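The values are calculated or read from the model by the stated rules, or taken from the named source; none is laboratory data. These numbers come from a predicted model, not from an experiment. Positions of Cβ are generated from backbone atoms using ideal geometry, with glycine treated the same way; all protein chains shown enter the neighbour counts. Side chains included, ligands, DNA and RNA excluded: accessible areas come from the protein's heavy atoms. Shrake-Rupley method; radii C 1.70, N 1.55, O 1.52, S 1.80 Å.
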Amino acid sequence: MKNILFILLGFLTIQTFAQNKNFIDQPFLETIAEIDTLVTPDKIHLVIILNEEDNRNKKSTEELESSMFRVLNSLKIDLEKNLSVLDYSSDFKKYFLSGQKILKTKMFSLIVNDAQTVGKVMAGLEREEISNVSITKTEYSKSDQLLLDLKAKAILKAKQNAEKMVEPLNQKIGKAIYVSDLETESITSQLQGKVAGVQIRGYSSIYGSRAQEDIVIDFEKMKFSSKVTVKFIIE
């Protein structure tokens, strides 16, 4: 029985060696190709903080919340889908002299799909004395499919490069015998504090005079890239 096992193992080793040798002996050409693209983010995350101390007329959190809902509804935003409560806290240490009124803070997460809507949200909320609004993150909702498309285009580019390289030799490229996804990159902006990659116009005028114009926001485009290496048989 042991002899049979040794024979089988020896046969498999020889066969594997032969296959590897055949692979090495084949003339092939290796190419590396990279494709990238820029896209506009279509999933912008905002944080809205409602605080009784942040407005000059000392509106209650409930009043500010009602105003927020009114503004967002006027912009046709799906509140059930795109708005959620992040945190709710009450400061039990601060009271008005006239009574035991608790100052409350409420935080919301809002997702919108374009820069124009972001500007309208920020301007509309500011007019309602809700100025604590920040952009925390930008994303591209179809990033997974986009990266797959870029990989396919990179492989096609690698083939075109290989064909051009052997053309002066009067030879042709055969089937691919090796494909490797060297690098796939997506840059998703994680925006903190002073927002990088975002230009805001009209903000100071609204804060100064509460004018009726909207805030204009421009987002820097996001870069996605894919790099592959492919080995083709030379015929």
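Evaluated against (1) open to solvent by less than 30 Å² (accessible area, probe 1.4 Å); (2) part of a helix (DSSP H, G or I); (3) at pLDDT 80 or above, E167 falls short on exactly one condition, (1). Restricted to region 170-192, and to residues there that are part of a loop (DSSP other than H, G, I, E, B) and among the hydroxyl-bearing types (S, T, Y), the residue that is modelled with the highest pLDDT is T188.
Being surrounded by fewer than 17 Cβ atoms within 10 Å (Cβ to Cβ) and either closer than 30 Å to I234 by Cβ or modelled with pLDDT of 90 or more (or both) holds for only one residue in Q116, Q100, and it is Q116. For residues in region 12-42 being modelled with pLDDT of 85 or more and open to solvent by less than 70 Å² (accessible area, probe 1.4 Å), which is nearest to D181 (Cα to Cα)? The selected residue is A33. Residue pairs whose Cβ atoms lie under 6 Å apart, separated by 6 or more positions or on different chains, with the first residue in region 75-87 and closer than 15 Å to K43 by Cα and the second open to solvent by 70 Å² or more (accessible area, probe 1.4 Å), do not occur.
So is L79 over 30 Å from K172 (Cβ atoms), at pLDDT 90 or above, among the aliphatic types (A, V, I, L, M) and open to solvent by less than 70 Å² (accessible area, probe 1.4 Å) or not? Yes; evaluated as a whole, the condition is true for this residue.
At pLDDT below 95, more than 30 Å from E34 (Cα to Cα), within 25 Å of the chain's Cα centre (by Cα) and among the aliphatic types (A, V, I, L, M): is that true of I111 in this structure? It is false that I111 is at pLDDT below 95, more than 30 Å from E34 (Cα to Cα), within 25 Å of the chain's Cα centre (by Cα) and among the aliphatic types (A, V, I, L, M). Being surrounded by 12 or more Cβ atoms within 10 Å (Cβ to Cβ), over 20 Å from the mean Cα position of the chain (by Cα) and at pLDDT 95 or above is true of K153. Could you check how many residues of region 118-129 are within 16 Å of L75 (Cα to Cα) and either assigned to a loop (DSSP other than H, G, I, E, B) or not small (G, A, S) (or both)? Final tally of qualifying residues: 8.
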